[in-house]
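Report on the structure given below.
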Amino acid sequence: MTTHLTYAKPCISTRCPALTGDITVPGDKSISHRALLLGSQIIGTVTIRGLLMGDDVLCTKAALAHLGVNFIQRQHNEWLVHGVGIGGLSESSQPLDMGNSGTGARLLMGLVSSYPFTSFFYGDESLSARPMNRVIIPLSQSGAQFVARTGGRLPLSVTGRSSMMPIDYELPVASAQVKSAILLAGLNIAGRTTVIEPTATRDHTERMLQHLGIAVEREGTKISLLGQQAQSPQDLIIDVPGDPSSAAFPIVAALLVPDSDITLRHICINPLRTGLFDILKRMGADITIHNEHTSAGEPVADITVRYSKLQAIDVEADIAPSMIDEYPILAVACAFAKGQSRMRGLSELRVKESDRLQAVIDGLHACGVDTHAEGDDLIVKGTDGKVTGGGTITTYFDHRIAMSFLILGLASEKPVMVDDSTPIATSFPGFTKLMTGLGAFITEERRTMRRISRDKPLVIAIDGPAASGKGTLARRLAERLELPYLDTGLLYRAVGMRLVYNDQDPHNKTAAIEAAQSIGPQDFLNPRLRQERVGQAASIVSAIPEVRAILLDYQRSFAAAPHGAVLDGRDIGTIVCPQADLKLFITASLDTRAIRRHRELSGEGIEVVYDSVLADLIERDKRDSERKNAPLIAADDALHIDTSDMSANEVFTHVLRLLNEKLEAEAA
């Protein structure tokens, strides 16, 4: 019997009485990543207490394990790390899955970039859309070689050399991730590596290095370290303090819900992380910091918060680096304040897990709050404590959007629903339990939580023309339904890539057949697939009937996986999987598809004229419709979805609803 979760996990928050209690929040995510990464570089053992057990951090731990680091779990959030020392990592036998973690991906790229082996990185749909050039550029200057998708996106590979060069690098934009990636690379590079920041950013890496006995120097905004430092065996302890970004949610909740009084224990109060606390105090928040001390090189303290009437504020742009992740919850606080607030310089919010700036605006609008953006500034007209609420919030699988609006619902006049609470686990496992323990009213919406069982695999076939959105939909469905996914368009590229990199002629039928017989899942993660010469070879081998027959068998075998599969292409429902449980034909107007493709290419830094994009799609449509073998047509029983006037999220939600109705009818 196979079980499928066809919907997300919506949550509803409702106006509640006073919040009271004494709590601890999960360990700091930034420090947790660094505790694992830098703990692996020690000769000896490192005991990490209070490690954040969120999905992002666990991806970093799993990747390090593939690189030869041994971990032993002692308690739920306490781990023993057997360090391998600087230069002691070993080549992974498989690609490194970084999930949704931009921090884990960028920092680990830095760490492995100085090793003379190749590491492959990939992640989920959200991470794969985020640019990595900000770390690729400086790491390449040291001698590392990268192969990535256009725009420096995942999946990608990085290959270091046995003789790397230390660099002096001036950051074009303040970024703790880029700074840390360069310093981590410098650990294993002979000579002095130096980073110069335009403004100070989070210094967790520098503090952790010093705590672990690795010398690092700071002079103003210039940070440097000498690579390949001598080490002696040692046993160390890292107590990870509570995450101030996670603490922000119960803190703001206590400020907004009348008569609340809560205390949070062992919270990191690094001055480069407490921007939100300082802003809230300027707004009139009753926040008391006490019991200050140091842990693992970080200043920590207990924080007591009481209900407060808040005043509007104008937040300067230079504060953004110290609280970039806290702006969604600050916007919620501003919605309850008296007067109009402006938060300046929030361009970084547009390249987070979602376009957080737009997500905040949409969510506040749904709850009756007047808000808009002016350039990269966010303007929120406060309601003096009288937020209507009542909205349904699209989270875009963003944990901070989900938590921010659940907090809003605790003090608004009407309940607030977030469409999906599952991403909260990436940074704040146990969020709902902790908040309800304080007295919050947060409940899962049971109606859409139904799991449907069936006694056969679930196969979904998605066809459609180029740039219709079928690939985005297929990946999201596979992730939500926990099914394997195959982009069938990569098959011929995989064959072409094997021929190109074995110096074989793609016109050689025998070689092409052998290549087709040898491809596997590991090939689809190789960034070389996107190279132009690979694409040219793919076009040649696609005309060989024997190759087409082999790849057809591969697709059908993939679709026969025990629990099912999701496949997308241009003849899936008609030729590959004519018996699929759900067949979709995704299309959009030619102009819409051209605009989407032009926007996508432009966003990847590719200068291209709209008319040439349009002409290319016209030509591709013509080739697809006139193919002798399996021309592009919809299966007779396929559901047609025109996405011209729909966002990707609307398409996804619509298809989930269709699938749920089908499976419910099947189970009835």
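The values are calculated or read from the model by the stated rules, or taken from the named source; none is laboratory data. Quick caveat, the model's predicted, so the values are computed rather than measured. Reconstructed Cβ throughout: ideal geometry from the backbone, glycine too, with neighbour counts over all protein chains shown.
Can you pull out the residues in segment 215-231 that are out of contact with any strand residue (DSSP E or B) (no Cβ under 7 Å at 6 or more places or on another chain) and at negative phi?
Passing the criteria: ARG218, GLU219, GLN229, ALA230.
The one condition from (1) surrounded by 19 or more Cβ atoms within 10 Å (Cβ to Cβ); (2) within 29 Å of LEU477 (Cβ to Cβ) that PRO131 does not meet is (1). Among the residues in segment 115-129, are any among the hydrophobic types (A, V, I, L, M, F, W, C), closer than 26 Å to SER347 by Cβ, over 18 Å from the mean Cα position of the chain (by Cα) and not assigned by TED's automatic domain parsing to the domain that holds GLU532? No: segment 115-129 contains no residue that is among the hydrophobic types (A, V, I, L, M, F, W, C), closer than 26 Å to SER347 by Cβ, over 18 Å from the mean Cα position of the chain (by Cα) and not assigned by TED's automatic domain parsing to the domain that holds GLU532. Please go through (1) more than 24 Å from VAL655 (Cα to Cα); (2) at pLDDT 80 or above; (3) part of a loop (DSSP other than H, G, I, E, B); (4) among the charged types (D, E, K, R) for GLU607 and return the number of the only condition it doesn't satisfy. It is condition (2) that GLU607 fails.
Yes/no per residue for (1) surrounded by fewer than 24 Cβ atoms within 10 Å (Cβ to Cβ); (2) touching a residue at least 24 places away in the same chain (Cβ under 8 Å); (3) out of contact with any Cys (no Cβ under 7 Å at 6 or more places or on another chain); (4) in a strand (DSSP E or B):
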residue: ILE401; (1), (2), (3), (4): no, yes, yes, no
residue: PHE405; (1), (2), (3), (4): no, yes, yes, no
residue: LEU408; (1), (2), (3), (4): no, yes, no, no
residue: ALA411; (1), (2), (3), (4): no, yes, yes, no
residue: ASP420; (1), (2), (3), (4): yes, yes, yes, no
residue: PRO423; (1), (2), (3), (4): no, yes, yes, no
residue: PRO429; (1), (2), (3), (4): yes, yes, yes, no
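For segment 254-274, a residue qualifies if it is closer than 14 Å to THR304 by Cβ, of a type in the set (A, V, I, L, M, F, W, C) and either in contact (Cβ under 8 Å) with a residue 40 or more places away in the chain or buried (at least 24 other Cβ atoms within 10 Å of the Cβ) (or both), and the qualifying residues are ALA254, LEU255, ILE262, LEU264, ILE267.
Screening segment 1-94 for strands (runs of 3 or more DSSP E) wholly inside it with 1 or more residues that are within 30 Å of SER232 (Cα to Cα) returns the ranges 43-49, 70-75, 78-84. Note on segment 467-502: residues that are in contact with a Gly (Cβ under 9 Å, 6 or more places away or on another chain) and not in a helix (DSSP H, G or I) total 5.
Which of the residues belonging to segment 164-179 are over 20 Å from GLN228 (Cβ atoms), in contact (Cβ under 8 Å) with a residue 60 or more places away in the chain and not polar (S, T, N, Q)? ALA174, ALA176, VAL178 - these are the residues of segment 164-179 that are over 20 Å from GLN228 (Cβ atoms), in contact (Cβ under 8 Å) with a residue 60 or more places away in the chain and not polar (S, T, N, Q).
So if I check each of LEU36, LEU67, which one is within 19 Å of PHE121 (Cβ to Cβ), surrounded by 24 or more Cβ atoms within 10 Å (Cβ to Cβ) and of a type in the set (A, V, I, L, M, F, W, C)?
Working: LEU67 fails: surrounded by 24 or more Cβ atoms within 10 Å (Cβ to Cβ).
That would be LEU36, the only listed residue that is within 19 Å of PHE121 (Cβ to Cβ), surrounded by 24 or more Cβ atoms within 10 Å (Cβ to Cβ) and of a type in the set (A, V, I, L, M, F, W, C).
The set of residues in segment 532-545 that are without any contact (Cβ under 8 Å) to a residue 24 or more places away in the chain and assigned to a loop (DSSP other than H, G, I, E, B) contains only ALA543. Of all residues in segment 235-251, those satisfying the criterion of being among the β-branched types (Val, Ile, Thr) and surrounded by 24 or more Cβ atoms within 10 Å (Cβ to Cβ) are ILE238, VAL240, ILE251.
Looking only at segment 197-234, residues that are among the polar types (S, T, N, Q), surrounded by 21 or more Cβ atoms within 10 Å (Cβ to Cβ) and either assigned to a loop (DSSP other than H, G, I, E, B) or not assigned by TED's automatic domain parsing to the domain that holds PRO138 (or both) come to 1 in all.
Scanning segment 641-668 for residues that are in contact with a Leu (Cβ under 8 Å, 6 or more places away or on another chain) and surrounded by fewer than 17 Cβ atoms within 10 Å (Cβ to Cβ) turns up ALA648, LEU658, LYS662.
Scanning segment 553-586 for residues that are under 20 Å from LYS470 (Cβ atoms), over 33 Å from the mean Cα position of the chain (by Cα) and part of a helix (DSSP H, G or I) turns up THR574, ILE575.
Residues in segment 72-99 that are closer than 30 Å to ALA129 by Cβ and surrounded by fewer than 17 Cβ atoms within 10 Å (Cβ to Cβ): GLU91, SER93, GLN94. Residue check: is ARG161 basic (Lys, Arg), closer than 19 Å to LEU37 by Cβ and in contact (Cβ under 8 Å) with a residue 40 or more places away in the chain? Judged against the criteria, ARG161 is not a match.
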